[in-house]
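To start, the structure itself, in structure tokens.
The values are calculated or read from the model by the stated rules, or taken from the named source; none is laboratory data. Note that the structure is predicted; figures quoted are calculated from it, not measured. Virtual Cβ from ideal backbone geometry, glycine too; neighbours counted across all protein chains shown.
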Amino acid sequence: MTKFLGTDPTFYPSAQAAMEAPPERLAYVALVKPDGLAVVDVDPESPSYSRVVGHLAMPASAEEDELHHFGWNACSSALCPMAPHPHLERRYLIVPGLRSSRIYIVDTKADPRNLKIVKTIEPEELMRRTGYSRPHTIHCGPAGIYVSALGAAGSDEGPGGIFMLEHETFQPLGRFEVDRGSQYLGYDFWWHILHDVVVTSEWGIPRHFENGLDVNALVAKQFGHKLHFFDARSRKHIQEVDLGDDYQMTLELRPAHDPTKLYGFVGVVTNVTNLASSIWVWYRENGSFKVKKVIEIAAQPAAAADLPAILQPFGAVPPLVTDIGLSLDDRFLYASCWGTGELHQYDVSDPFAPKLTAVVQLGGVISRTPHPSGERIGGGPQMLEISRDGRRVYVTNSLYSSWDDQFYPEGIPGALIKLDAHPNGGLTIDPRFHVSFGDARSHQVRLEGGDSSTDSFCFPG
Amino acid sequence: MYTAILLGVFHGINPAMGWLFAVFLAIYRKDRRELFRALVPITVGHAVSVALIVAIVAAARSTLPVLPIRYGAAAVLLLFGVYRLLRWYRHIAWASVNLSRRELAVWSFLGATSHGSGLMLAPLVLDLPGGQNAIAVVLVHSAAMLLTMAGAAVLVHDRFSLARMQKLWVNFDLIWALSLVAAGGLSLLAALSQTHGMSGMHGMHGG
């Protein structure tokens, strides 16, 4: 897996270089029930365009893996000048099972359409070496592969945190935090790579989400509502920022891709007082981090009879913003409203004053908007991934198996949908692109050569 | 002395030793002068690391017979070289744009030390006639390194696109590890020939 001359062409010094590189031809999609990875042809020139051209079934095991998020072994951060690893290759997908705490290392190079598992980190080894369970987000970093985890080893409680895998052997190296301070809940993380800042967000402890959303815990405001900032060099907690405990579940973190900028966006699933979702900006001012709410999306009232049991007491459909994405030019922010069945696009050229530029309807608890091809959409837009050039957005429709069953009891047939993004704002669903995974559910999408949530760039411009 | 210069060029051309960081800082701060501002502390850090090893070798040489030091240096170089060959991709981790010059020198010192830069000079120091020259070796080596880094940094900053640099980027870490092994091998050969030379002399005495 080492190159001698030249670097992997999919390592980009800057976000601009990543946008100008050739577009993706394949998409990798995590499937659940049963667990697997699908390879989808997304090259419009190819005869098998918009079809599943490969499928890797995860080995049958006693418990479900629940594949969820996944990422690359190496990416553009390998070109960062302070610790260059220019001869790594973007070759292996690091694929955690959120429920099983097992991690698969999957080779995409030997045959990109015929994926192969080359190594499996068993849950016992992962927990023994790191003290964590429920691995979640993967980021390829300057000193190894970083993985967030939601639970403590062998427990349904916290603390969640971050651990590292060795770059070449994928051996778990132990936990990241030297001093976690007030941080206890885990979920997503990313960094401002040139400023030695790691930021983490909070979902909840496994006991509150694993067997379905614990509504009592939500009403009691026991899910996460903070961001935490760590010094990447000393690995010590430097600051927590509390959004207020009405805001429950601070999930996806999208720092600006421009490494000279010190701001980012975080999506909040719900506000317990009115079920609205919100998106906040974090930024640094006078040496400390602050947050500001910049987007709020209201819940939509509905008749109890039309609602699944979990929502009947509330008489409304919450938007449930459960994924957000930021285009590589830091210009467009996307938000998936999995409850109401909408995908929003905002112009965030001024991150403190977003402008809504498009709303697309798909699925939804009440609206149940079909795909333009006529296909029924179960669930709503959930995981979203933006192509490097910012012209295409791919979305899937499942959130998390036990929550799917609560919000969409009629079932969620897995799908991959593509939208075309217009250069100056605006979104259109591609009517010819509807990939069905049958009864399997679909979660995160990764694009060949990297996408808008896989890479960190050190060079500006 | 030529070897000291050659090793200076060799160390200087390795992007992980500093010029890449200097280019980056110049691009990041949009100021070409940053190239030179960064290279000075980088050279100082490197020189201190190299001087430390050279001083240890020179001190050992002035107190111990040269042959065991030769074997010792060969063994350390070979072992370290094989380690780097197996783990060539290891680097010290985070460093940021916010490094002060002192921190930049420390970064360079740590990088040079963990790469075994000074070790590579050990066989050379053992072959020197006098202790005085050890200081000259470090100075000549560091000057050659600084000039090479400056040349590489200016060339890449002014003439190359980053895309072109990516195509030409050779796996220096692997070459580096091989050089350590080669230096160890040469040191071992020198030690062996010296041993043979001695036993030959013993033989003559016996006859």
Within the range B:58-81, does at least one residue satisfy the condition of being aromatic (Phe, Trp, Tyr), within 14 Å of chain A (Cβ to nearest Cβ) and out of contact with any Gly (no Cβ under 6 Å at 6 or more places or on another chain)?
no
Of a type in the set (S, T, N, Q) and in a strand (DSSP E or B), is that true of A:Gln406?
no
Subset tally (residues that are crowded, with 23+ Cβ neighbours inside 10 Å and closer than 26 Å to A:Leu356 by Cα) for the range A:419-443:
2
Any idea which of (1) at pLDDT below 95; (2) touching a helix residue (DSSP H, G or I) at 6+ places or on another chain (Cβ under 7 Å) is the one A:Leu328 doesn't satisfy?
(1)
For the range B:23-44: of the residues being of a type in the set (A, V, I, L, M) and in contact with a His (Cβ under 8 Å, 6 or more places away or on another chain), which is farthest from the other protein chains (Cβ to nearest Cβ)?
B:Leu35
Can you pull out every residue in the range A:1-55 that is in a strand (DSSP E or B) and over 15 Å from A:Gly414 (Cβ atoms)?
A:Leu5, A:Leu26, A:Asp41, A:Val53, A:Gly54
Can you work out which of the residues in the range A:406-457 that are in contact with a helix residue (DSSP H, G or I) (Cβ under 6 Å, 6 or more places away or on another chain) and closer than 29 Å to A:His139 by Cα is farthest from the other protein chains (Cβ to nearest Cβ)?
A:Ile412
Any residue in the range A:134-144 that is buried (at least 18 other Cβ atoms within 10 Å of the Cβ) and among the polar types (S, T, N, Q)?
yes
For the range B:169-179: of the residues being within 7 Å of another protein chain (Cβ to nearest Cβ) and farther than 17 Å from B:Gly111 by Cα, which is nearest to the chain's Cα centre (by Cα)?
B:Val170
Working only within the range A:206-256, note down all residues that are among the acidic types (Asp, Glu) and in contact with a Gly (Cβ under 6 Å, 6 or more places away or on another chain).
A:Glu252
Residues located in the range A:171-208, provided they are among the hydrophobic types (A, V, I, L, M, F, W, C), closer than 26 Å to A:Phe457 by Cβ and buried (at least 20 other Cβ atoms within 10 Å of the Cβ)
A:Phe176, A:Phe189, A:Trp190, A:Trp191, A:Ile193, A:Leu194, A:Val197, A:Val198, A:Val199
Can you pull out the residues in the range B:9-22 that are within 14 Å of another protein chain (Cβ to nearest Cβ) and of a type in the set (Phe, Trp, Tyr)?
B:Trp19, B:Phe21
Only one residue in A:Pro9, A:Pro81 is of a type outside the set (Gly, Ala, Ser) and either more than 14 Å from chain B (Cβ to nearest Cβ) or surrounded by 22 or more Cβ atoms within 10 Å (Cβ to Cβ) (or both). Which one?
A:Pro81
Within the range A:146-243, strands (runs of 3 or more DSSP E) holding 2 or more residues that are on the phi < 0 side of the Ramachandran plot and of a type in the set (A, V, I, L, M, F, W, C)
A:161-165, A:189-192, A:197-200, A:226-231, A:236-242
Being of a type in the set (D, E, K, R) and either facing chain A (nearest Cβ under 9 Å) or crowded, with 20+ Cβ neighbours inside 10 Å (or both) is the filter here, so list the residues in the range B:135-168 that pass it.
B:Lys167
Please go through the range A:61-74 and pick out each residue that is more than 14 Å from chain B (Cβ to nearest Cβ), assigned to a loop (DSSP other than H, G, I, E, B) and either under 23 Å from A:Ala15 (Cβ atoms) or in contact (Cβ under 8 Å) with a residue 12 or more places away in the chain (or both).
A:Ser61, A:Glu63, A:Glu64, A:Asp65, A:Glu66, A:His68, A:His69, A:Phe70
